[in-house]
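Notes for the one structure printed next.
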Amino acid sequence: MDIDVVRMPDMSVHRGKYCTAECILRGYVGWGVVQFRVRDVPQTVAYNGQVFYHTRPIHVPLDGQYDYPHSEIRAFDSANKHVTTPQYRAEADMIWRENLLRGCKPVVSPN
(Lines give C-alpha, C1' and ligand atoms only; values in the text may rest on other atoms or scores of the structure.)
Protein backbone atom coordinates (compact mmCIF):
# COMPACT_ATOMS: atom_id res chain seq x y z
CA MET A 1 0.00 0.00 0.00
CA ASP A 2 1.36 3.44 -0.93
CA ILE A 3 2.07 5.83 1.92
CA ASP A 4 0.28 8.61 0.05
CA VAL A 5 -3.08 7.00 0.89
CA VAL A 6 -2.58 8.34 4.42
CA ARG A 7 -2.56 12.07 4.95
CA MET A 8 -2.26 14.20 8.00
CA PRO A 9 -3.85 16.20 9.59
CA ASP A 10 -7.62 15.79 9.44
CA MET A 11 -7.57 12.45 7.66
CA SER A 12 -11.14 11.45 6.83
CA VAL A 13 -12.23 8.12 8.34
CA HIS A 14 -15.52 6.29 8.97
CA ARG A 15 -16.67 4.06 11.81
CA GLY A 16 -17.19 0.56 10.45
CA LYS A 17 -19.87 -0.10 13.04
CA TYR A 18 -22.18 2.33 11.21
CA CYS A 19 -21.28 1.89 7.52
CA THR A 20 -19.83 -0.33 4.82
CA ALA A 21 -17.00 0.32 2.38
CA GLU A 22 -19.58 0.83 -0.35
CA CYS A 23 -21.27 3.62 1.66
CA ILE A 24 -17.93 5.38 2.08
CA LEU A 25 -17.24 5.34 -1.65
CA ARG A 26 -20.49 7.02 -2.74
CA GLY A 27 -19.41 9.77 -5.10
CA TYR A 28 -15.72 8.77 -5.08
CA VAL A 29 -15.13 6.88 -8.32
CA GLY A 30 -11.78 5.11 -8.52
CA TRP A 31 -11.00 5.42 -4.80
CA GLY A 32 -10.20 2.57 -2.43
CA VAL A 33 -10.84 1.84 1.24
CA VAL A 34 -8.46 0.61 3.93
CA GLN A 35 -9.46 -0.62 7.35
CA PHE A 36 -7.71 -0.15 10.69
CA ARG A 37 -8.63 -0.13 14.36
CA VAL A 38 -8.72 3.06 16.39
CA ARG A 39 -6.05 1.61 18.65
CA ASP A 40 -3.75 1.40 15.60
CA VAL A 41 -3.77 5.21 15.21
CA PRO A 42 -0.41 6.51 16.49
CA GLN A 43 -1.11 8.89 19.37
CA THR A 44 1.78 11.23 18.66
CA VAL A 45 3.60 12.82 15.74
CA ALA A 46 7.21 12.63 16.89
CA TYR A 47 10.78 12.54 15.60
CA ASN A 48 13.99 11.78 17.50
CA GLY A 49 12.11 11.82 20.80
CA GLN A 50 10.49 15.21 20.24
CA VAL A 51 6.68 15.12 20.26
CA PHE A 52 5.23 17.68 17.86
CA TYR A 53 1.52 16.85 18.16
CA HIS A 54 -0.93 14.41 19.69
CA THR A 55 -3.52 12.77 17.44
CA ARG A 56 -6.94 11.28 18.02
CA PRO A 57 -10.11 10.51 16.09
CA ILE A 58 -12.92 13.06 16.39
CA HIS A 59 -16.53 12.33 15.34
CA VAL A 60 -17.45 14.84 12.60
CA PRO A 61 -20.77 13.83 10.97
CA LEU A 62 -21.28 15.26 7.48
CA ASP A 63 -24.53 15.95 5.65
CA GLY A 64 -26.78 15.05 8.55
CA GLN A 65 -27.72 11.38 8.67
CA TYR A 66 -26.26 10.65 5.22
CA ASP A 67 -22.71 10.53 6.58
CA TYR A 68 -23.13 10.04 10.32
CA PRO A 69 -20.11 7.67 10.66
CA HIS A 70 -17.64 10.27 9.33
CA SER A 71 -14.77 11.14 11.65
CA GLU A 72 -11.34 12.73 11.26
CA ILE A 73 -7.99 11.93 12.77
CA ARG A 74 -6.89 15.34 14.00
CA ALA A 75 -3.66 16.75 15.39
CA PHE A 76 -3.57 18.78 18.61
CA ASP A 77 -0.75 20.87 20.10
CA SER A 78 0.43 20.80 23.72
CA ALA A 79 -2.37 23.24 24.68
CA ASN A 80 -4.91 20.79 23.16
CA LYS A 81 -5.65 23.21 20.31
CA HIS A 82 -6.66 21.67 16.96
CA VAL A 83 -3.85 22.17 14.47
CA THR A 84 -4.94 22.56 10.84
CA THR A 85 -1.56 23.47 9.32
CA PRO A 86 1.04 21.62 11.34
CA GLN A 87 4.60 22.84 11.49
CA TYR A 88 6.70 19.75 12.00
CA ARG A 89 9.46 17.90 10.28
CA ALA A 90 8.57 15.88 7.21
CA GLU A 91 10.30 12.90 8.84
CA ALA A 92 7.81 13.00 11.74
CA ASP A 93 4.88 12.99 9.32
CA MET A 94 6.38 10.07 7.37
CA ILE A 95 6.97 8.02 10.52
CA TRP A 96 3.38 8.66 11.72
CA ARG A 97 1.92 7.60 8.37
CA GLU A 98 4.14 4.50 8.17
CA ASN A 99 3.09 3.46 11.67
CA LEU A 100 -0.60 3.81 10.79
CA LEU A 101 -0.15 1.85 7.57
CA ARG A 102 1.20 -1.12 9.54
CA GLY A 103 -2.29 -1.62 10.97
CA CYS A 104 -4.15 -1.05 7.68
CA LYS A 105 -5.84 -3.76 5.68
CA PRO A 106 -7.12 -3.07 2.13
CA VAL A 107 -10.88 -3.56 1.86
CA VAL A 108 -11.59 -2.10 -1.60
CA SER A 109 -8.78 -1.55 -4.10
CA PRO A 110 -8.77 1.69 -6.10
CA ASN A 111 -9.53 1.41 -9.82
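The values are calculated or read from the model by the stated rules, or taken from the named source; none is laboratory data. These numbers come from a predicted model, not from an experiment. FYI the Cβ positions are ideal-geometry reconstructions off the backbone, even for glycines, and counts take in every protein chain you see. Note: accessible area is taken over every heavy atom of the protein model, side chains too, but ligands, DNA and RNA are not part of it. Shrake-Rupley method; radii C 1.70, N 1.55, O 1.52, S 1.80 Å.
Points to keep in mind about this one:
- ³J(HN,Hα) computed for each position of the range 50-58 - Karplus, 6.51 cos²θ - 1.76 cosθ + 1.60, integer Hz, glycine/proline x: 9, 8, 8, 8, 9, 10, 6, x, 10
- The residues of the chain have, on average, 67 Å² of accessible surface per residue, using a 1.4 Å probe with all protein chains present.
- For the range 7-24, backbone phi angles converted through the Karplus equation (6.51, -1.76, 1.60; θ = phi - 60°) give residue-by-residue couplings of 10, 9, x, 6, 5, 6, 9, 9, 7, x, 5, 10, 7, 10, 4, 5, 4, 4 Hz, Gly and Pro being listed as x.
- Cut-off under 5 Å, modelled amide H: who pairs with Y47 long-range: F52
- Förster-model FRET efficiency, 30 Å R0, V29 and A79, C-beta, rounded to 0.05: 0.15
- Euclidean distance of C-alpha centroids, the range 92-111 and the range 1-66, integer Å: 10 Å
- Label-point separation, D40 to T20 (7 Å along Cα→Cβ), nm: 2.1 nm
- Expressed per residue, the C-alpha convex hull volume of the range 4-111 stands at 111 Å³.
- Helix 90-102 and the longest principal axis of the Cα set of the chain meet at an angle near 40°.
- Which of Y18, W96, V33, positive extreme of dipole for the chain (C-beta unit charges): Y18
- Alpha-carbon geometry of the range 53-111: the Rg and the Dmax are 14.3, 41 Å, given in that order.
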